[in-house]
Every structure is written in C-alpha cells, then in structure tokens.
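The values are calculated or read from the model by the stated rules, or taken from the named source; none is laboratory data. Here the structure is a predicted model, which is why all the values come from computation and not from measurement. All Cβ positions, even for glycine, are placed from backbone atoms using ideal geometry, and neighbour counts span all protein chains on display.
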Amino acid sequence: MRNQTRREFLKAIGLAAASAPVVSILQGCASAGQTGRAESKRPNIVVIISDDMGYADIGCHGCRDIATPNIDSIAQNGVRFTNGYVSCPVCSPTRAGLITGRYQQRFGHEYNTGPPPGGQREHVGLPVTEVTIADVLKSAGYVTGAVGKWHLGLSPHFHPFKRGFDEFFGFLHGNHSFIDAGLGTFNPILRGTEPVDEKEYLTDAFSREAVAFVERHHDEPFFLYLAYNAVHTPMQAPQRYKDSFKHITNQKRRIYAGMLTSMDEGIGKLLAKLRELNLEEDTLLFFVNDNGGPTGANASRNDPLRATKGTMYEGGVRVPFMVQWPGRLKAGRVYHNPVIALDILPTAAAAAGAVAFGGNRKLDGVNLLPYLTGKKKTLPHQTLCWRSGRNHAVRKKNFKLVKMGDETGLFDLSSDVGESKDLKAEKPDVLKDMEKTYEKWNSQMIEPAWSIQRRTRRATKKKKKT
C-alpha cells in the first residue's frame, strides 16, 4: 500500500505515470548485499546533519578544547572525508541539494527560504517537482522519518509529509530557540502538523525523538533524517554544562561548547540504540555539517581553512563529513578525494537497492560505495561547482577558482588549503580553463523566479530614476 501511495503521489506531481516501469535511480544500482552480506538484508539509512559547526570543532579534526567522542567514533568506525563539501555555504540550499542529489541551482533553490522581498512565502521552498531521498527510499518500502530543522519551505505543500516522510518532529523555519521552545506562533515545534509545547532542551528533544523512531521501526527498513539546529544561533547551552567548560575563556565559545556537547551526546545515544538493537552493522550512517562555521556569530573555528559560512572559500563549503557502515565499509579509513553532500542520495539508493520513477532526471551526486570499497580508483568528481548570487567557485582536481564580489582568486589546494596564495597571474591557462569549466556548468542552471522578479523591479526603478 505504501508503494502504491507513492506512485499515486508522484503521478499527481507529474513525475511519472502510475503504470510506468520503475527504473534504477542510477545505472548499475545493485542490491546492498552484493558483496559478502546477506542478499535479503537491506541496510537502514541514517543521515545526521549539524548546523553551523566549525570545520575544526571535532576531535578528529584536531579540536582540543571541546570533546566530541561520539561524532569521532563515526570516523573511527567508518570513513572520514578530508575533502568533504556541501553544495552551498548557507543552510537551506545545502539541504535542498543533499535531499535531492542535485545541484539546487538546477531547480532555482539558490538562497535561504523565507518571505523574499516583494514575494510570497508560499512560493519559496523546495519545488514540489523535485524527488527527495525520502521519496526514493519510501518507494522502496522504507519507513521514513525527519527530526529537527526542515528549512525547505514553510507552507503546507512543502511540509515533510508531502516530500516523502511518514513522520516528522521539528520546526519548519531556519532557526529556533533551544530553551523553552513553547508552542510559538510563527515557527512552532511540530509533531507531524500539530504544534507541541516542548519543554526539553531542543537538541536533547531531537535526540530523544531520533532514538524513539529507531525503537519504533527497528524491525523494518527505515530512513532517519536527523537535522539538528545545533550549533546555530541563538547561543543557548543546557544548564547542566554551566560549569563544565571553565577552561574556555571566550564566553560565547563556552556556550558553543555546551551546545556541541549536547549534540554529540545525543548522537551517542542514537549510536548506542543501534548497537543495542543489533542494527549497527546493517545501518549506513552519514554525518555532515551544512556549511562552514560562522565564526563571529557562534565562536566556531574553521582553521586551517580560509573564511567562514556564506563565502565560497574553503571555510564556507568544506565541512566535517563521514560515513560508517560496519557491515560493508572498512573502519578507520581516511578518504582524500573530493566528495559532496549531493552524493548521499545516490549512495543511499544504491545501498538500499532503491528505485525511482522516471529516468531522465540529472543526478549530480554519485554512488560512493565503489570508491570506498576500492572497486573504483578514479575520482568520484572531476569538478565541483558552487554559485550563490554574484559569488561562485569551481574546484577541478586540486585547483580552485573563487569569485567573491569583484575579487577573483586561483588556488592550489594540494599545497595551500588556506587559499592564501593567488596563482591567477602565474597560471593564466589554468585560470582560463577553470573559467570555461564554470561557465559550462553555469549554463545548465537556472535563476530563482523571485530573484529574477526582484532584479527586474530594481532595474525598472533605476530606469525611472534616470
């Protein structure tokens, strides 16, 4: 019945006829048990997203003033990506890319959601024509749950229930108070579609709900999307950490430490529940941060990377990113080739043996499993591109072109991860090739409709003044 419902839904939004044959979401997609494990056992899928965490703020990236043993354990039990990226340096577009496996510029989701200037909020969100990772896994018989921050549209037709999720506990907008969340008026905590008067520290509440979801569905294949709003502002730490970080003299970072520790402990509870239920080896679990840390806002740290959230430099788009699947992936591996959060959907689909409706949708992510198991030795991505308004960047192997406002820089990340030495004068041929690569990619993308409207209005006003 669940699969039939999804067919009817996908038909209703114009993605496929109900009688159309299902096709693999990526060519060669095989069942998860293809190498060594039971063919009939499909893995559970868990995706954990942190919010605005700094690149340097976990132990396995060298952090010394805040302990993150549970996040670190994912790297220890699986694979850590040293060149792991997201598709945007701010929250909502990254989520749109991750959840669809596609560059969000392909469907006009280039900026954070919210009521745009002169626009209507009901038009701002993940387009309903896009297929999500929840759609894909639900069509394969998975029960699907979302916990935490949504930030993919406020109106009812953007709600997680309309995007492939069976269950939802969280909020719809971009940030939320952590303490005394309450019912609220504009952005309440929702269970499904009903506001709840949540009393627990919000990070702890999200961890509680994630564990409860696993307990409810441990006897069937499940997909859990756990999107913490920690460590995004407002800076509010649990009271229990008031005296725990006296060694940190910066008051804002001391609060940040409590917020991060609460999230790490919650992740530890989820991992412990998977072990308790003997699900750990049969669970493919990703951890990724949504963008670089906004160092001034929350005292996060991105060193040794340049700049912060909102920029096209490494400090804006390179993030903590790791995956574990003890039944399939060798523990403790460090993978150095560039990967991106767009890869999560096709990787999860391949692991689950999932199918999607229609075969003409361009996926920009790739299935990482052959690269992580050693079957493929090539780069998962020859190039990666970013665009946010006037700013853009492209990485091609180890070279990276960055355009921020009126400034353009060319950097060799193999020797200059901090992007401190501009090589454009020394390597004009490389610069020209990178610019051509970006323009080719950019020609395939679209501009959001409301952005076009705003630009047109501004041009009209300027013309009238002259």
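Scanning the range 189-211 for residues that are outside any loop (DSSP other than H, G, I, E, B) and within 25 Å of ALA354 (Cβ to Cβ) gives GLU209, ALA210, VAL211. Among the candidates ASP422, ASP429, ASP433, ASP412, the residue that is touching a residue at least 12 places away in the same chain (Cβ under 8 Å), farther than 30 Å from ARG102 by Cβ and either in contact with a Leu (Cβ under 7 Å, 6 or more places away or on another chain) or not polar (S, T, N, Q) (or both) is uniquely ASP422.
Scanning the range 348-363 for residues that are assigned to a loop (DSSP other than H, G, I, E, B) and without any contact (Cβ under 8 Å) to a residue 40 or more places away in the chain turns up at least one hit. Restricting the range 295-312 to residues that are in contact with a strand residue (DSSP E or B) (Cβ under 7 Å, 6 or more places away or on another chain) and more than 24 Å from ARG64 (Cβ to Cβ), the residue that is surrounded by the most Cβ atoms within 10 Å (Cβ to Cβ) is MET312.
Residues GLU209, GLU215: which one is closer than 28 Å to LEU345 by Cβ, among the acidic types (Asp, Glu) and surrounded by fewer than 15 Cβ atoms within 10 Å (Cβ to Cβ)?
GLU215
Residues that are closer than 24 Å to PRO93 by Cα and without any contact (Cβ under 8 Å) to a residue 40 or more places away in the chain within the range 268-296 comprise just one, GLY296. Scanning the range 360-373 for any residue that is among the basic types (Lys, Arg), in contact with a Lys or Arg (Cβ under 9 Å, 6 or more places away or on another chain) and surrounded by fewer than 22 Cβ atoms within 10 Å (Cβ to Cβ) turns up at least one such residue. Checking GLY258, GLY292, GLY266 one by one, the residue that is more than 20 Å from the chain's Cα centre (by Cα), crowded, with 17+ Cβ neighbours inside 10 Å, within 16 Å of SER50 (Cβ to Cβ) and assigned by TED's automatic domain parsing to the domain that holds ASN77 is GLY258 and no other. Here LYS246 fulfils each of the conditions (1) buried (at least 24 other Cβ atoms within 10 Å of the Cβ); (2) without any contact (Cβ under 8 Å) to a residue 24 or more places away in the chain; (3) in a loop (DSSP other than H, G, I, E, B) apart from (1). Of all positions in the range 162-183, at least one carries a residue that is of a type in the set (Gly, Ala, Ser), out of contact with any Gly (no Cβ under 9 Å at 6 or more places or on another chain) and in contact (Cβ under 8 Å) with a residue 40 or more places away in the chain.
Counting just the residues of the range 184-206 that are aliphatic (A, V, I, L, M) and crowded, with 17+ Cβ neighbours inside 10 Å, which one comes out nearest to GLN239 (Cα to Cα)?
Across the range 184-206, the extreme among qualifying residues is LEU202.
Any idea which residue in the range 267-312 is farthest from LEU202 (Cα to Cα), counting only those that are in a helix (DSSP H, G or I) and among the basic types (Lys, Arg)?
Of everything passing the filter in the range 267-312, ARG275 is farthest from LEU202 (Cα to Cα).
Report whether or not THR378 is in a loop (DSSP other than H, G, I, E, B), out of contact with any helix residue (DSSP H, G or I) (no Cβ under 7 Å at 6 or more places or on another chain) and not assigned by TED's automatic domain parsing to the domain that holds SER87. Yes.
Here are VAL214, VAL147: which of them is at pLDDT 95 or above and assigned to a helix (DSSP H, G or I)? Only one candidate passes the filter, namely VAL214.
Can you tell which of ALA341, ALA299 is within 30 Å of LEU410 (Cα to Cα), aliphatic (A, V, I, L, M), touching a Ser or Thr at 6+ places or on another chain (Cβ under 7 Å) and in contact (Cβ under 8 Å) with a residue 40 or more places away in the chain?
ALA341 is the lone residue from the list that is within 30 Å of LEU410 (Cα to Cα), aliphatic (A, V, I, L, M), touching a Ser or Thr at 6+ places or on another chain (Cβ under 7 Å) and in contact (Cβ under 8 Å) with a residue 40 or more places away in the chain.
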